[in-house]
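Student: Right, I'll just put the structure down here and ask away after.
The values are calculated or read from the model by the stated rules, or taken from the named source; none is laboratory data. Owing to the predicted nature of the structure, the values given are computational and were not obtained by experimental measurement. Backbone-built Cβ (ideal geometry, glycine too); neighbour counts: all protein chains shown. Note: accessible area is taken over every heavy atom of the protein model, side chains too, but ligands, DNA and RNA are not part of it. Shrake-Rupley method; radii C 1.70, N 1.55, O 1.52, S 1.80 Å.
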Amino acid sequence: MASRRFSPHHHADFDRTEERQHRYRLVVLGVGVGDVVESIGGFLCDRARAGWAVSVFLDLPCAQPRDARPLTILGIAAQELVTDAGPALRTLCRGGALAVGADLLARDAGIRDDVSRMVNQGLTDVTVWGRPAPTDSARGLDPAPHPLSAAASAFKRHALLAAGIESEATERLAATETLFRPRGQAFRRLYSV
């Protein structure tokens, strides 16, 4: 009986397609590179190192490709957020996650409506960073500190320097980043496939 010879490279294209389809996806909506790196750089680095596909959509586009270097240091690619966040949010599927800046939520009613819809559906893990308006805590944002791994701290420190943020932030990097999660959204533990 004849058998085919096994070749690890035989189905390489299929495997890469399958890998992309089964990776967890984190979409980040932020204002600028500096804010994203300073506020949640360690969180994003930890997710990227855990195998998540992390995409950052910026309201303020990078003027030059080198301006996205801090995100590249964290293992993330930046994209320009066009007038509508809908296309970026539609790339999320069940088990995906969304991180959005509080200032963007306060400023953009469309994004606020999309995020509210996602929270109500409960299929996407939603995280907010930044300084929520005082009324937001009454609306249901609970603090959710994220402890940084040693690698995330190191990469974040370099990303902050690349972003031109050279202050006490880089010298005394906090061991945790304060994020917020909407109340009422059941925390779902995600397992690898």
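Student: For Ser55, work out the one condition from (1) at pLDDT 90 or above; (2) part of a strand (DSSP E or B); (3) surrounded by fewer than 19 Cβ atoms within 10 Å (Cβ to Cβ) it doesn't fulfil.
Tutor: (1)
Student: Looking at (1) open to solvent by less than 80 Å² (accessible area, probe 1.4 Å); (2) at pLDDT 80 or above; (3) more than 16 Å from the chain's Cα centre (by Cα), which is the only condition Cys62 fails?
Tutor: If we test Cys62 against (1) open to solvent by less than 80 Å² (accessible area, probe 1.4 Å); (2) at pLDDT 80 or above; (3) more than 16 Å from the chain's Cα centre (by Cα), just (2) comes out false.
Student: Name the single residue that is modelled with the highest pLDDT among those in the stretch 168-193 being farther than 24 Å from Pro132 by Cα and out of contact with any helix residue (DSSP H, G or I) (no Cβ under 6 Å at 6 or more places or on another chain).
Tutor: For the stretch 168-193, the residue satisfying everything is Glu171.
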